[in-house]
Amino acid sequence: MRHAILGAGGVGGLIGACLAHSGDSVTLVVRPETLAAYPERLQLESAFGNFSVPVSRASSVPPVDVLWITVKATQLEPALAALQNPESVRAIVPLLNGIDHLSLLRSKYGAERVIAATIVVESERVAPGHIIHRSPFARLNVSSAGLALLGSTVDHFQQLGFECRFVDDEPTLMWSKLVFLAPLALTSTAGDLTTGQIASDPVWRQQLESCVREVGVVAAAEGAKVDVEAVLAGMMNMPGNIRSSMQKDVAQGKTPELDAIAGPILRGARRHGIEVPATEKLVAAVEQRAGNVASLLV
């Protein structure tokens, strides 16, 4: 299979390295000004194994079977300039945080070409071509619409150690991640805390739990089937040293993906007349810490 990765950061690098390690063809799509100096190999440090694999590099998306989009939600629209010939791509699999990117991509490239998917992982690019997968897990869920094309690819990920599922119901697929991700990202960023610090502090733990329950109510109103108690139990069993990507972005002075992660919850709550005070409190705290985002609460 031929794959292209648009967004060679922590998640894109992890995906690309694992695909190349399995023997597939991988092209990293990078900015034109970095192309000449970009490494010809991806180096991965992971609980799944440490290895270095050769990859191709390009400044635009070549003809491929699958284009994996792994940029930040705040970078999506400018990054799509690299997709100059969409008809040469069989399928597009976005692994962005949030939900709204699906409608954007489908409006541009067609509903049949864009396959919904989510990933839950902590992975970081520490230098160009050098990826450290920090969490002991990587959970990849894909819409069943992608089974025929991506079945063998998902098998490769599972053989390396990923937890993978094909999910029939798209709202459940997308909101299942958001119910987990949004409360954790908002709480960790609002308090600048690791998962262990949240779990050991009664006040912050209660904030997290309240947010999870609120997001679960909005998810149900949006047609998703989410087990909130299982989400909470999973959070409490996570390694204690994990920090969210939103938390890292704010610490580095970058614009956080606040609209992508919290926006669907707040907008969904308004549509359905649902009160989400814990979520709103955390969003306000993140906005104050970030200082560089438009308020979602007005």
Quick query: amide H of residue 130 versus all other amide H atoms, modeled in the peptide plane; which residues come in under 5 Å with a sequence gap of 5 or more or a different chain?
43
Result for the stretch 106-206: accessible area per residue, probe 1.4 angstrom, in square angstrom, of 41
Selection from 151, 278, 54, by position along the positive dipole direction of the chain (Cβ)
54
Return one number: the angle in degrees, 0 to 90 and rounded to the nearest 10, between the long axis of the Cα atoms of helix 258-272 and the longest principal axis of the Cα atoms of the chain.
50
Carbon plus sulfur fraction of accessible area for the chain, probe 1.4 Å, in percent:
49
Helix 277-290 vs. the chain, principal-axis angle (Cα, 0 to 90°, nearest 10):
60
Using the Karplus curve 6.51 cos²θ - 1.76 cosθ + 1.60 with θ = phi - 60°, work out ³J(HN,Hα) for each residue of the stretch 73-79 in order, rounded to whole Hz, and write x for Gly and Pro.
4, 5, 10, 4, 4, x, 5
Rounded to the nearest 20 debye, dipole of the stretch 36-191 from Cβ charges on Lys, Arg, Asp, Glu:
260
Rounded, prolate or oblate for the stretch 1-53? Axes are the square roots of the Cα gyration tensor eigenvalues, ordered a ≥ b ≥ c, and the cut-off for rounded is a/c under 1.5.
prolate
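Of 108/254; 72/281; 72/254, which ones are farther than 22 Å apart at the Cα? Write out the running numbers ahead of the final one.
Details: 108/254 27 Å; 72/281 24 Å; 72/254 11 Å.
In this structure, 108/254; 72/281 exceed 22 Å between Cα atoms.
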When the Karplus curve 6.51 cos²θ - 1.76 cosθ + 1.60 is applied with θ = phi - 60°, which whole-Hz ³J(HN,Hα) does each residue of the stretch 89-100 get, with x for Gly and Pro?
10, 6, 8, 10, 10, x, 10, 8, 6, x, 10, 5
Can you compute 3J(HN,Hα) from phi for each residue in the stretch 56-65, using the Karplus curve 6.51 cos²θ - 1.76 cosθ + 1.60 with θ = phi - 60°, rounded to whole Hz and x for Gly and Pro?
8, 10, 7, 9, 9, 6, x, x, 9, 6
Along the positive direction of the dipole of the stretch 86-179 (beta-carbon charges: Lys, Arg +1; Asp, Glu -1; about the Cα centre), which of 130, 98, 109 reaches farthest?
130
What does the helix-only formula give at 222 nm for the chain: each DSSP H stretch with n ≥ 4 adding -39500 (n - 2.57), the total divided by the residues, and the result rounded to the nearest 500 deg cm²/dmol?
-14000 deg cm²/dmol
Within-10-Å neighbourhood charge of residue 192 [Cβ basis; K, R +1; D, E -1]:
+2
Given the stretch 11-166, what whole percent of its Cα pairs are spread farther than 28 Å?
14
Quote the charge dipole size of the chain about the Cα centre in Debye, to the nearest 20; the model charges only the Cβ of Lys and Arg (+1) and of Asp and Glu (-1).
380
Using a probe radius of 1.4 Å on heavy atoms only, what accessible surface per residue do you get for the stretch 56-103? Whole Å² is fine.
39
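Quick check for me: using +1 on Lys/Arg Cβ and -1 on Asp/Glu Cβ, what's the dipole size of the stretch 258-298 about its Cα centre, in debye to the nearest 20?
On the way: 5 positive and 4 negative charges, 14 e Å.
The dipole magnitude comes to about 60 debye.
The values are calculated or read from the model by the stated rules, or taken from the named source; none is laboratory data. This one's a predicted model, so the numbers in the text were calculated from it and none came from an experiment. Note that each Cβ is placed from the backbone with ideal geometry, even for glycine, and that neighbours are counted across all protein chains shown. Surface areas here come from the heavy atoms of the whole protein model, side chains and all, with no ligands, DNA or RNA. Shrake-Rupley method; radii C 1.70, N 1.55, O 1.52, S 1.80 Å.
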